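The values are calculated or read from the model by the stated rules, or taken from the named source; none is laboratory data. Note that the structure is a prediction, hence the values are computed from the model and not measured. Cβ placement follows ideal geometry from the backbone for every residue including glycine, while neighbour counts extend to all protein chains displayed.
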Amino acid sequence: MAEFEHTVIVTGASRGIGHATSIHFMRRGWRIITCSRDDVPAECGRDPRWTCHIPTDLADPESVRRMIERANEELGDDALHALVNNAGMSPKTPYKERLGVLNGDIGAWREVFDINFFAPLELGRGFASALRKGRGAIVNITSIAGHKIHPFAGSAYSSSKAALSALTREMANEFASLGVRVNAVCPGEIETDMIQPEYEMLIPRIPLERMGTTEDVAKAIFYLATDESSYVTGTEIWVTGGQHMF
């Protein structure tokens, strides 16, 4: 599709950070290919720049394989300029608790790691050739919870995001030989569906005295995906309003 100068793939695009990121890229003229368990809002599908949405369960290796195959078919001979590994999950136990070290089914831990850690690894491999062609960038979405104890995130989620931070550095080192940069955006308290009322107590810990917006995160992702950051790789940008300093 020669009318598009740049193409991005965004995971978890039906809501929250992923949806805001897709809209941010789309408004800047990028061709958008997305995936999520859910459909995207109908009004987004009507925009000719949002060319393809692939329903995908990133916890299912076969579904991931089909998504990679379908997206590469959509790309054809075109280059890929950015892959945004945004999809993530932080489930609760039947008792409404986040998965901890001492509670919750270990199988649920594995599902968290499948989505938050293994999916970015598999997608990076699956789109390596197209990214090389575009001398593109991978942006992983980590979390402040991957760097310090968080009162509400849960151990499974926090551990998976810490692992994704380490994977980002390793990917940056290996993908450099392909001319592909790999970085991460590390959000703090962002107003999404994952935020519950109890998160309000965290605002006094944020120097900017507010929760972040999904657009705040999308802007940082866009920077890392473009030539504005052409000499930046292996880096994690904190989008926390300063919360990470304490």
- Sort out which residues of the stretch 206-246 are outside any loop (DSSP other than H, G, I, E, B) and in contact with an Asp or Glu (Cβ under 9 Å, 6 or more places away or on another chain), and write them in order of number. Gly212, Thr214, Phe222, Val239, Gln243
- Options Ala71, Ala87, Ala59, Ala79; residue that is over 16 Å from the mean Cα position of the chain (by Cα), in a loop (DSSP other than H, G, I, E, B) and hydrophobic (A, V, I, L, M, F, W, C): Ala79
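Conditions (1) in contact (Cβ under 8 Å) with a residue 24 or more places away in the chain; (2) among the aromatic types (Phe, Trp, Tyr), marked per residue:
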site: Phe4; (1), (2): yes, yes
site: Ser22; (1), (2): yes, no
site: Trp30; (1), (2): yes, yes
site: Asp38; (1), (2): yes, no
site: Pro48; (1), (2): no, no
site: Ala59; (1), (2): yes, no
site: Glu62; (1), (2): no, no
- Does Arg125 satisfy being in contact with a Leu (Cβ under 7 Å, 6 or more places away or on another chain), basic (Lys, Arg) and either surrounded by fewer than 19 Cβ atoms within 10 Å (Cβ to Cβ) or not in a helix (DSSP H, G or I) (or both)? no
- Test Thr34 against the criterion of being within 24 Å of Ala184 (Cα to Cα), touching a residue at least 24 places away in the same chain (Cβ under 8 Å) and in contact with a Cys (Cβ under 7 Å, 6 or more places away or on another chain), and give yes or no. no
- Query: Does the stretch 150-158 contain any residue that is hydroxyl-bearing (Ser, Thr, Tyr), assigned to a loop (DSSP other than H, G, I, E, B), touching a Leu at 6+ places or on another chain (Cβ under 9 Å) and under 23 Å from Ala220 (Cα atoms)?
  - Reply: no
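Of the residues Ala156, Ala218, which is within 24 Å of Ala13 (Cα to Cα), out of contact with any strand residue (DSSP E or B) (no Cβ under 7 Å at 6 or more places or on another chain), modelled with pLDDT under 95 and crowded, with 23+ Cβ neighbours inside 10 Å?
Working: Ala218 fails: modelled with pLDDT under 95.
Only one candidate passes the filter, namely Ala156.
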- Message: in contact with a helix residue (DSSP H, G or I) (Cβ under 7 Å, 6 or more places away or on another chain), in a helix (DSSP H, G or I), surrounded by fewer than 24 Cβ atoms within 10 Å (Cβ to Cβ) and free of Cβ contacts under 8 Å to residues at least 24 places away in the same chain: which single residue out of Ala166, Ala130, Ala162 fits that description?
- Response: Ala162
- Message: Any residue at all in the stretch 188-200 that's modelled with pLDDT of 95 or more and aromatic (Phe, Trp, Tyr)?
- Response: no
- Item | Residue ID - modelled with the highest pLDDT, chosen from residues in the stretch 90-113 that are assigned to a loop (DSSP other than H, G, I, E, B) and under 21 Å from Leu164 (Cβ atoms) | Val101
